[in-house]
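All remarks here apply to the structure that follows.
The values are calculated or read from the model by the stated rules, or taken from the named source; none is laboratory data. Since this is a predicted model, take the numbers as computed values, not measurements. Note: ideal-geometry Cβ built from the backbone for every residue, glycine included; neighbour counts use all protein chains shown. Protein only, heavy atoms only, side chains kept; ligands, DNA and RNA dropped before computing areas. Shrake-Rupley method; radii C 1.70, N 1.55, O 1.52, S 1.80 Å.
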Amino acid sequence: MYSLWERIKSGIAEFVQSRIFVLIIVFCITSAILVQRIFYLQIVKGQEYLDDYKLQIQKTKEIQGTRGNIYDRNGNLLAYNELAYSVTIEDNGSYDSIAQQNKVLNKTISSVIKMVESNGDTVINNFGIILDSNNNYQFVAQNETQKLRFIADVYGKSTIDQLSKKQKATTADELIHYLCTDKQKFGINEKEMDKSTVLKLINIRYQIWLNSYQKYISTTIAEDVSDATVADIMENLDKLSGINVEEESLRKYADSKCFANIIGYTGQISQEEYDALSDADQERYSKTDTVGKAGLEKQENFSLLRSHEFFLDQIVNDISGKKNTGDNVITTLDYEAQAAAYNALDDYEGAVIAIEPKTGKIAVMVSKPDYDPNTIASDWESVNGEGSTSLYNRATQGQYAPGSVFKIFTALEYYNENPSTYNDYSFDCDGSITKDGFTIHCAGNKSHGQEDLTKSFAKSCNSSFSNIGLLVDNNKLNTLCDDMLFNKNLPIAFDSKKSKFALDNNASSALTMQTTIGQGNTLVSPLHMCMIAGAICNDGNLMRPYLVDHTENASGALVEQNKPASYKQIMSKDQAAFLQNLMAAVVSDGTGAKLSNQSYEAFGKTGTAQVSDSTDQTNAWFVGYGKKDGYNDLAIAVIVEDSGAGSTYAVPVAKKVFDKYFNE
């Protein structure tokens, strides 16, 4: 009889030799492999596969927040947002070749351009080449570096240094031809289209190409389109691959031309602007974002996009896909005074700037010629074309011969060198003065007769001040002008040009006489002269000019407050008082008499500056300030180009600004 152990062993042997055992082993091995595979797919690679799946079925698009509004000091709206429709395109097709891609995209974009323009709407133009008045291609860039940066972008180079010598010499025509015909570019047949059509097509294709590395980024073809265009697009949507009509916040400007050169405008960020951003900022922007391009829109771009809405509101907006609203910018500008200055310049080119001397708040900043930021996209070729200066802010960047307003500095230097005897100065004016064979004439060869220093200043006598120029030390005058911020960057937060002055004791009598009456090689900006007038009014203390009073969130809660700040004491109280008396005489008994007997007290200096020795063209100047009880003082500088005498053309402009400001 078998033992129990032998019976168990026998049973196991029979089982192992059976088919069932083999099946069980196969099943176990197969199950183990399956479990291992499921673990790999679900645990090890699960997140990767999920992300890939989402990429195929989802479009993740960052929504840029709505820009905040811009207001004047009294709450008047200057820049705001308006709901509008844009026509966009996404290159989301699958192609067998670049040639097929070009054919499909060019056909689609051309069809859309025709629809847009047939309804009176315009295609955007963000490209770096335009057509000039002779229908020739020309670069938009204003300097060589900007042009080469654009060329480098087109050739796909990260820096200018990577361009070959031949590429750096590329003309606008050659670059257009390259984009049309290169195998890796756009496949546009230039012979079948006029230049304008070619340029529009390249403009859109280039923007698509810039975004090609980002999936599902749309490119705008036209902004603020009419209902008719929307209807045409929607009716043909099945034939227009990648085309869509999207809602957008369109930037709008109140009294747009009046504030153009100070408020500025917005536009799609350029490749050059994007490249200039830090790595951190590039994470915050896409190449289709709208940014400030000029003026306060550019200076305050971060504040206008940054949102300080209540954090729960921001959470709700994020969940619902709504845009957060950027902070509002409240400026120091005075709407009514700005409009008065703008209208007073009428059709003349020139500038007006007015600053509160005791705070540095800029109340007025006007520059003509102007442009309309509401239509700058469609007007770009004329606004930025050859010979146009509409984008140039003359108030801060204009450089002009100062003419007789420079006599402020000449008089001050004479006072400095003759502190106890300046009242004894005397000159008999017969209409001209000659020294070493060079003659200076008074305006119209007018004879002013016997004059002291005050009368010489009030009557703006060129002969007397040429004489004073010969009496003072040129080196000391040069030092004074350095102290008065000539040849220096002005203490402001926005773009401006340096005023220029140079004169020493080696200068000829002719150059000395010319320079000390504001001719010669001296150049000043209206901003600089307004700051000098403000310092005189403020007993020699120059305040830093500024344009932004504060920022606030969309609900009106304060975010950041700017406060007045002194730059430095650029002259003593005694020096300022001396000039105050001279400038008072200009109004009471001189060339600024049109400002006398008003509800306010005015002080100033007129000027009539010859543009060059080769022309009789003159620019009219007025520099001064006004005072009235119950109002902040206001310093002003006015330049009216190609007009005439300062007393005839510039003083009336200043008067209209003072009339409005001191009677609000």
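Below, the figures for the structure above:
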| item | result |
| --- | --- |
| Mean residue ellipticity (222 nm) of the chain, computed from DSSP H runs ≥ 4 via -39,500 (n - 2.57), nearest 500 | -12000 deg cm²/dmol |
| Which listed pairs, of 358/446; 195/287; 446/594; 114/183; 407/563; 257/660, have C-alpha distances above 30 Å, in listed order | 358/446; 407/563 |
| Reachable aspartates and glutamates from residue 147, criterion Cα separation under 18 angstrom, eight or more residues apart if same chain | 132, 161, 173, 174, 272, 273, 275, 381, 386 |
| Acute angle (nearest 10 degrees) that the helix 98-118 long axis makes with the longest principal axis of the chain, alpha-carbon atoms | 50 degrees |
| Whole-percent carbon and sulfur share, accessible surface of the chain, 1.4 Å | 48 percent |
| Förster-model FRET efficiency, 35 Å R0, residue 231 and residue 94, C-beta, rounded to 0.05 | 0.75 |
| Which of 588, 460 is most accessible, then next, and so on - probe 1.4 Å | 588, 460 |
| Surface per residue (accessible, 1.4 Å probe) for the chain, Å² | 48 Å² |
| Spin-label zone in region 381-417 - amide nitrogen under 12 Å from a point set 7 Å from the Cα of residue 500 along the C-beta vector | 399-401 |
| Residue 473/residue 596 FRET efficiency (R0 30 Å; Cβ-Cβ; nearest 0.05) | 0.30 |
| Probe 1.4 Å, all protein chains present, accessible-area order of 380, 621, 209, largest first | 209, 380, 621 |
| With all protein chains modelled, accessible area of residue 335 [1.4 Å, Å²] | 50 Å² |
| Positive-end extreme of charge dipole, the chain - chosen from 422, 25, 303 (charges on Cβ) | 25 |
| Rough spin-label spacing in nm, given labels placed 7 Å along Cα→Cβ, for residue 631 and residue 423 | 3.2 nm |
| In degrees, nearest ten, helix 195-210 long axis to first principal axis of the chain (Cα) | 60 degrees |
| Reachable aspartates and glutamates, given that their alpha-carbon falls under 12 Å from the alpha-carbon of residue 627 and they are not under 8 places away in the same chain | 356, 601, 659 |
| Largest-first ordering by accessible area, 1.4 Å probe, given options 114, 656, 368 | 114, 656, 368 |
| Solvent accessible area, Å² - residue 441, 1.4 Å probe, full protein context | 100 Å² |
| Approximate spin-label separation residue 142-residue 32, in nm, with each point projected 7 Å along Cα-to-Cβ | 7.7 nm |
| Residue 346 - accessible surface, heavy atoms, 1.4 Å probe, Å² rounded to 10 | 90 Å² |
| Read-out Rg and Dmax of the Cα atoms in Å, derived from the coordinates shown; its label in (i) 35.3, 158; (ii) 26.8, 89; (iii) 34.7, 123 | (i) |
| Simple spin-label estimate for residue 77 and residue 487 in nanometres, 7 Å along Cα-Cβ | 5.0 nm |
| Lys, Arg +1 and Asp, Glu -1 on Cβ, resulting dipole of the chain about Cα centre, debye, nearest 20 | 1540 debye |
| Amide N proximity, region 115-147 versus residue 196 label position 7 Å along Cα-to-Cβ, cut-off under 16 Å | 115-125, 130-138 |
